[in-house]
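**Student:** Handing you a structure now.
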Amino acid sequence: MHCPMGDEPNRGGNSRRWIVTAVEDSLRRLQTDWIDLYQVHRPDHTTDVEETLSALSDLVHQGKIRAFGCSTFPAEEIVESHHVAERRGLLRFRTEQPPYSLLARGIETSVLPTCQRYGMGVLTWSPLASGFLSGAQRKGRPVDLTSGRAKLTPARFDPALPVNAAKLELVERLVEVADDAGCTLPQLAVAFTQVHPAVTSTIIGPRTMAQLESLLDGAEVTLDDAILDRIDAIVPPGTNAYHPDGAWSPVSLSDPARRRRPLEERSAA
């Protein structure tokens with residue numbers, strides 16, 4: 001729950017009005033009496049987190065949801081939400097769902113330690129890094145920019161762009177690690193996400209039964225310290241080799257007006 005579901009301004013975000021409406025709509029569509037886990041998909045800078053937590057707490061007390069969590073929240077937002085819940089006597093987020101992969105390790109710095117501190121479950125998404133770790137995208141291999149995800153965001157996949165060429169260089173090095181570990185690159189990717197002690201589970205998105213079986217086999221792969229040290233040398237802990245698709249960016253960065261004084265004030269500053 002968070003992303004817009006129509007053109008009306010109130011059909012999106014983290015307000016009480018939209019949360020209650022969205023839950024009622026989901027229960028009706030699913031033809032069920034409750035939702036086991038309901039997650040806030042992104043932070044909402046236009047809504048006080050107390051309003052969000054209050055609405056979700058009421059839904060738990062009403063029996064409409066069993067538990068609630070957050071997704072792609074930065075560490076500071078998780079901490080603030082827990083402080084607000086404690087001060088106001090509200091229920092708190094029980095889970096966090098962040099992007100995590102061999103190429104996107106930024107959450108290791110603060111998000112995962114914060115989740116451990118608060119005893120939150122962590123359900124990571126995009127272990128294949130938008131397909132860069134699927135084995136299909138390799139250095140020197142042409143990319144079809146006219147279909148699928150590449151058509152929607154070609155700048156993320158065009159190998160002619162330096163940022164993507166750099167990703168593919170890393171992929172080639174990770175393929176060598178996977179070969180030495182006795183598994184495929186996708187299996188290495190899934191196994192890696194399960195190594196961190198803060199991670200509860202990994203969300204996968206196979207399209208075929210063969211992909212499903214291969215990725216499930218990856219969950220059975222055990223990576224030893226030598227393999228993990230090689231991975232750390234390729235993509236250092238706590239760093240992102242690319243910005244994960246769909247990852248949240250704070251309005252303090254996305255809105256230039258938040259980063260720039262008004263023109264008439266700049267000379268005085």
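**Student:** Among the residues of the range 245-254, is any of a type outside the set (Lys, Arg), more than 16 Å from Leu102 (Cα to Cα), in contact (Cβ under 8 Å) with a residue 12 or more places away in the chain and in contact with a His (Cβ under 7 Å, 6 or more places away or on another chain)?
**Tutor:** Scanning the range 245-254 turns up at least one residue that is of a type outside the set (Lys, Arg), more than 16 Å from Leu102 (Cα to Cα), in contact (Cβ under 8 Å) with a residue 12 or more places away in the chain and in contact with a His (Cβ under 7 Å, 6 or more places away or on another chain).
**Student:** Exactly one condition in (1) in a loop (DSSP other than H, G, I, E, B); (2) not assigned by TED's automatic domain parsing to the domain that holds Glu169 is not met by Leu253; state its number.
**Tutor:** For Leu253, the exception is condition (1).
**Student:** Of the residues that make up the range 206-216, is at least one hydroxyl-bearing (Ser, Thr, Tyr) and loosely packed, with under 11 Cβ neighbours inside 10 Å?
**Tutor:** yes
**Student:** Moving on. Looking only at the range 54-66, which residues are assigned to a loop (DSSP other than H, G, I, E, B) and touching a strand residue (DSSP E or B) at 6+ places or on another chain (Cβ under 8 Å)?
**Tutor:** Within the range 54-66, just Lys64 meets the criteria.
Every residue, every condition in (1) part of a loop (DSSP other than H, G, I, E, B); (2) outside the structural domain of Phe73 (by TED's automatic domain parsing); (3) closer than 25 Å to Leu112 by Cα, yes or no:
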| site | (1), (2), (3) |
| --- | --- |
| Leu188 | no, yes, yes |
| Leu212 | no, yes, no |
| Leu216 | no, yes, yes |
| Glu220 | yes, yes, yes |
| Ala226 | no, yes, yes |
| Ile231 | no, yes, yes |
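**Student:** Would you mind stating whether Leu161 is among the aliphatic types (A, V, I, L, M), more than 26 Å from Gln194 (Cβ to Cβ), over 20 Å from the mean Cα position of the chain (by Cα) and surrounded by fewer than 19 Cβ atoms within 10 Å (Cβ to Cβ)?
**Tutor:** yes
**Student:** What pairs can you find where one residue is in the range 133-154 and part of a helix (DSSP H, G or I), the other is not small (Gly, Ala, Ser), and their Cβ atoms are less than 7 Å apart, with a gap of 6+ or different chains?
**Tutor:** Close Cβ pairs satisfying both conditions: Ala150/Val143; Ala150/Asp144; Ala150/Phe157; Lys151/Leu145; Pro154/Leu145.
**Student:** Also: Looking at this structure, is Ser201 of a type in the set (Ser, Thr, Tyr), in contact (Cβ under 8 Å) with a residue 60 or more places away in the chain and in the same structural domain as Tyr118 (by TED's automatic domain parsing)?
**Tutor:** yes
**Student:** So how many residues does the range 41-53 have that are part of a helix (DSSP H, G or I) and crowded, with 19+ Cβ neighbours inside 10 Å?
**Tutor:** Number satisfying all stated conditions: 3.
**Student:** Counting only residues that are in a helix (DSSP H, G or I) and either in the same structural domain as Val40 (by TED's automatic domain parsing) or hydrophobic (A, V, I, L, M, F, W, C) (or both), how many does the range 67-121 have?
**Tutor:** Total meeting the criteria: 18.
The values are calculated or read from the model by the stated rules, or taken from the named source; none is laboratory data. Source: prediction; values computed, not measured. With ideal geometry, Cβ positions are generated from the backbone for all residues, glycine too; neighbour counts draw on all protein chains shown.
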